[in-house]
Amino acid sequence: MTYFPDGMIPPPVSLDTAPFWDAAKEHRLVLQRCSTCERFQHPPGPVCHRCRGSNLAWRDVEGRGTVYTYTWVHKAFVPALQKQLPYAVAVIELPGAEKTRFVSNVVEVTPDTLTVGLPVELVWDDYAELSVPRFKPV
Amino acid sequence: MNATIVGIGETRYTKWGGISDQSEFSLACEAILKALDDAGLTADDVDGLASFAGDRNEAILVAQALGIPELRFADMVWLPGGGGAPASVGHAALAIESKRAEVVVAYRSLCQGQFVRFGAGPEQVWPKVERGFLVARDLVEAEFGWMVPYGVYNATTGMAMIVRRHMHLYGTTTEQMGLVAVQTRAHANRNPRAVMHGRPMTLEDHASSPMVADPLRRFDCCLESDGAAAVVVTTTERARNAKSKPVELLGYEEAVGPRYGYAGFANHNMPEEDYTTGGGTRVASRLWESTGVNPSDVDVAQIYDHYTGMVLIAFEDFAFCERGEGGPFAEDGSLPFNTAGGSLSEAYVHGLNHVVEGVRQLRGESTSQVDGAELCLVTGAAGVPGSALLLGRTR
Ligand SMILES: [Zn+2]
C-alpha cells in the first residue's frame, strides 16, 4: 500500500539522520543507541546526550507501541493530500526502546477507534525510493 | 533592570499576503522609525538592534538602510518563532546594562506572502534531492524530517497533539479553548488596528469553525498576517527625557529545558514531565523569583497565543493556577489577557505586538485598558523554547 499519494514531500535528512532512512529501505526500524550507557536517544545526534561519548550505534527496534497522543488532520497543507483527509498523526510510545516517542501515522483507524493508549504495530509503506514506517492497530 | 522601554512602533497589520506594495524589509524600517519617533529619538541615537530566530531582516542591513552611524550591538535570539519576542527585548536590556549600547531597538517584520510558503512543494522548498531524500539545508530542516513524511508540515499538527494529551490527562474542553478565542476577539473588536476588528465571535462561531488538526479548529489557531513591530529600550537615565511615558523592565528570563529542542514542532521527545507544559515552567519560576512578584499580583498579561489550548497551558506554566487547571482558570476570567487581540485576533508578528500592547497597558493607552494596571506579564510561545518579560508602570 502507499498511504500518501505521489507528490508528498520526502523527508529532509542530514548525515546524522540518513542512516534511519537507509535502514527503512530494508524495512528495519532503527533508533540510535549509546553503546556505553546502553540507552536509546531520539532524535539522533553526534554524541550521546547522557555521557557525551560518541560510541553510538543504530539498533533495531521492535515495531510495537502504544498511542501517547494523536490528532486528525483535516486540512491539506500540501495539495496532494486533499484526497487523504482526514488522516491521523500520532505520537507513539515504543516500550521496546525505553518508551522513546516516535511521530508517525496510524492507518486503519477511525475517530471512534483511535484513542490514547491504543496498542499499535509497525507497517511499512513503500514508495519508489523510500519506505516510510507507519502504524496500525494490533 | 537598568533598562527601560521608551518607544513602541507598529505598521499597519493585514491578513497574510495583504501587503504587496511595500517590502517586508521596508516594514521593518517603518516600525523602527515609528518606535524611535514615539520615544523622541532618531536613528542617529541607535547603537544596537535585536531580533529573534526566523527574522529575514538582518540587523546589518537594517543599520545600512536607516543610516545608523555606529552599530555596536546586533543580536539574534536563538528561540524559534514566537518563543523569542520577549527575549529580544531582554537581550536589548542586557546590552544596555552591560554598557555595550545605549539605545537598542528590538524588531520583527513578517510578510510571509512575499516569500516561499512552507509546504508549497518540494521543488520550491528543497532544491536538492538525493536517493529519494531531500538534503536538509540546515539542522532545523533535518529536525522536520521526523515529521514531514507523516503529513506534518507546521506547528498546528504538533501542538494539537500536546493539547490532545492535556485534554486526555486533565479533561480540558473545546469550550474552555473557545473562551480564549472569544475573549481575545472581543479585545480585537475594541482595537481598530486589529486584523479581526469588526468581526465579532461567539462560542458557537468557535465551535462550528472548521477543524484543522483535531482538537484545534480554525478559531483556535492564530492568524497569519503581514506587518511589523518595534520596541525601543534605553538606560533608565536617558528614559527620563523620553517623549513618551517610560515603562520599566522589571525582569526578563529565557530558558530551554533538557532535550526540548523543537519539542512539539518536531520529535516530541521532551521529558514526560514537560510534555503537557509549554516548556515555560523554568522561565516562569525564575521570573517570579528574580522579581519577587507573585502571579496573583499581575494586573494584565499578554500570553503568546499561537493556539488557544497552549494559552491554557501557559496559565499553568506561569503558576496562575495549578497544573491541569488552565481550562477552569479561563472560565474564572479573573486575569485580563491579550488586550489588543493577540496573535489570534490582532496580528501575527511572532509576539512582538504582545510586548507593544504590554507597554500600552502600563502607559494607560490600551483600547481595552485595565484600570490602574501596574504589572504586565508578556510571554513567548509555549511548546517551543520560550521567554518572558515582566513590565511595570513607572511611578
Ligand atoms: Zn552514553
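Report, by residue number, each residue of region A:10-42 that is open to solvent by 30 Å² or more (accessible area, probe 1.4 Å), more than 12 Å from every other protein chain (Cβ to nearest Cβ) and part of a loop (DSSP other than H, G, I, E, B).
A:Glu26, A:His27, A:Arg28, A:Ser35, A:Thr36, A:Cys37, A:Glu38 - these are the residues of region A:10-42 that are open to solvent by 30 Å² or more (accessible area, probe 1.4 Å), more than 12 Å from every other protein chain (Cβ to nearest Cβ) and part of a loop (DSSP other than H, G, I, E, B).
Restricting attention to strands (runs of 3 or more DSSP E) lying wholly within region B:177-290, give those where 1 or more residues are surrounded by 24 or more Cβ atoms within 10 Å (Cβ to Cβ) and among the polar types (S, T, N, Q). Reasoning before the result, please.
Values: elements: B:211-213, B:225-234, B:247-255.
Once the strands (runs of 3 or more DSSP E) in region B:177-290 are filtered for at least 1 residues that are surrounded by 24 or more Cβ atoms within 10 Å (Cβ to Cβ) and among the polar types (S, T, N, Q), what remains is B:225-234.
In region A:17-52, which residues are touching a Pro at 6+ places or on another chain (Cβ under 7 Å) and within 16 Å of the ligand (Cβ to nearest atom)?
A:Gln32
Name the residue that is farthest from B:Leu377 (Cα to Cα), counting only residues in region B:311-328 that are free of Cβ contacts under 8 Å to residues at least 60 places away in the same chain and buried (at least 20 other Cβ atoms within 10 Å of the Cβ).
By that ranking, first place goes to B:Glu316.
For region B:363-393, how many residues are over 14 Å from the mean Cα position of the chain (by Cα) and assigned to a loop (DSSP other than H, G, I, E, B)?
11
Would you mind telling me which numbered condition in (1) free of Cβ contacts under 8 Å to residues at least 12 places away in the same chain; (2) open to solvent by less than 20 Å² (accessible area, probe 1.4 Å); (3) of a type outside the set (S, T, N, Q) B:Asp371 fails?
Looking at each condition in turn, B:Asp371 falls short on (2).
Determine whether A:Ala88 is free of Cβ contacts under 8 Å to residues at least 40 places away in the same chain and of a type in the set (Gly, Ala, Ser).
On the way: free of Cβ contacts under 8 Å to residues at least 40 places away in the same chain: yes; of a type in the set (Gly, Ala, Ser): yes.
Here the answer is yes, as A:Ala88 does meet what is asked.
Checking B:Gly113 against (1) modelled with pLDDT of 90 or more; (2) open to solvent by 10 Å² or more (accessible area, probe 1.4 Å); (3) assigned to a helix (DSSP H, G or I), which single condition isn't satisfied?
(1)
Per-residue answers, yes or no, for (1) touching a Lys or Arg at 6+ places or on another chain (Cβ under 8 Å); (2) at pLDDT 95 or above; (3) open to solvent by less than 10 Å² (accessible area, probe 1.4 Å); (4) closer than 25 Å to B:Gly280 by Cα:
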residue: B:Ala39; (1), (2), (3), (4): yes, yes, yes, no
residue: B:Thr42; (1), (2), (3), (4): no, yes, no, no
residue: B:Phe52; (1), (2), (3), (4): yes, yes, yes, yes
residue: B:Asp55; (1), (2), (3), (4): yes, no, no, yes
residue: B:Leu66; (1), (2), (3), (4): no, yes, no, no
residue: B:Phe73; (1), (2), (3), (4): yes, yes, no, no
residue: B:Trp78; (1), (2), (3), (4): no, no, no, yes
residue: B:Ala85; (1), (2), (3), (4): yes, yes, yes, yes
residue: B:Arg117; (1), (2), (3), (4): no, no, no, no
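Looking at (1) within 13 Å of chain A (Cβ to nearest Cβ); (2) modelled with pLDDT of 95 or more, which is the one condition that is false for B:Arg193?
Just one mismatch for B:Arg193, condition (1).
Provide a single number: the residues in region A:99-124 that are closer than 17 Å to B:Val152 by Cβ and within 9 Å of another protein chain (Cβ to nearest Cβ).
Going through region A:99-124 one residue at a time, the tally reaches 5.
The values are calculated or read from the model by the stated rules, or taken from the named source; none is laboratory data. None of these values were measured; they are calculated from a predicted model. Every residue, glycine as well, gets a Cβ built from its backbone with ideal geometry; the counts of neighbours run over all protein chains shown. All accessible areas refer to the heavy atoms of the entire protein, side chains included, with ligands and DNA or RNA removed. Shrake-Rupley method; radii C 1.70, N 1.55, O 1.52, S 1.80 Å.
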